[in-house]
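Asker: Please find one structure pasted underneath; my questions will follow.
The values are calculated or read from the model by the stated rules, or taken from the named source; none is laboratory data. Only a predicted model underlies this, so the values are computations on that prediction, with no experimental measurement involved. Glycine gets a Cβ as well: all are built from the backbone with ideal geometry, and neighbour counts include every protein chain shown.
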Amino acid sequence: MQLYINEALKRVGETFAFQADEQLPDQEYGTRELQFLSPATVKGEYTFNGKAFTVTANVKVSLHSVCARCNEPFDEELSFNFSERFIRQTAQEDEESYRYGGDAIVLNEAIMDNLFLQLPLVSICREDCKGLCPTCGVNRNFEQCDCCNVAPNNAFAVLLERQNEYKEV
C-alpha cells in the first residue's frame, strides 16, 4: 500500500486524506497463521512538516481465526488506529520512525506492526462460548456431557480445609 507524496513535499504543513483497499499477504505471528479474508480498508491522512511525514489512519481487516475455547473456525473483524512517523532513508538514524524513499511511502510494514500490536493473544468466537469439556472433549456449545458436572480433583483441597483450623482466635 503506497502513498504518493509529491504534492505533500511541495506543500509543507498541509494535510492530505487518503483511502485504500489492499489485500494483505498471509502472515505467521508466533504460533498463529493469519489469513486475511478480504482486503484491508485503510482510511487516514498524512502531513509533511519539512523533515518527516506523520501518517494517521484507521485500519479494518477480516481474519480467519480459530476459537481458543471451542477450537471452531470463525471470521474475526479487527479495527485499529495508528499514527506513525516516516523519515527519508538518507536521514540520521531514528529507530522509532519508518523510512521512505523516492516519491512514495509504503505503509505495509507500519500496518502489519500495528496489527500485531492490536491482535488479541487468543481469539474467542463469542463472549458466551462454553468451550470444550476438559474431560471428554465435547464441544459444550453444541451438546452437554455428564462429566463436566463432576468436581475437579483439586490437589490443594486438603490445604483449604485446614486453613480454618490454624486461624488465631
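Asker: For region 1-56, give me each residue that is over 14 Å from I111 (Cβ atoms), hydroxyl-bearing (S, T, Y) and either surrounded by 14 or more Cβ atoms within 10 Å (Cβ to Cβ) or under 21 Å from the mean Cα position of the chain (by Cα) (or both).
Answerer: Of everything in region 1-56, those that are over 14 Å from I111 (Cβ atoms), hydroxyl-bearing (S, T, Y) and either surrounded by 14 or more Cβ atoms within 10 Å (Cβ to Cβ) or under 21 Å from the mean Cα position of the chain (by Cα) (or both) turn out to be T31, S38, T47, T54.
Asker: Hey, another quick one. From the list E7, E33, E45, E22, which residue is within 25 Å of L78 (Cβ to Cβ) and at pLDDT below 85?
Answerer: E33
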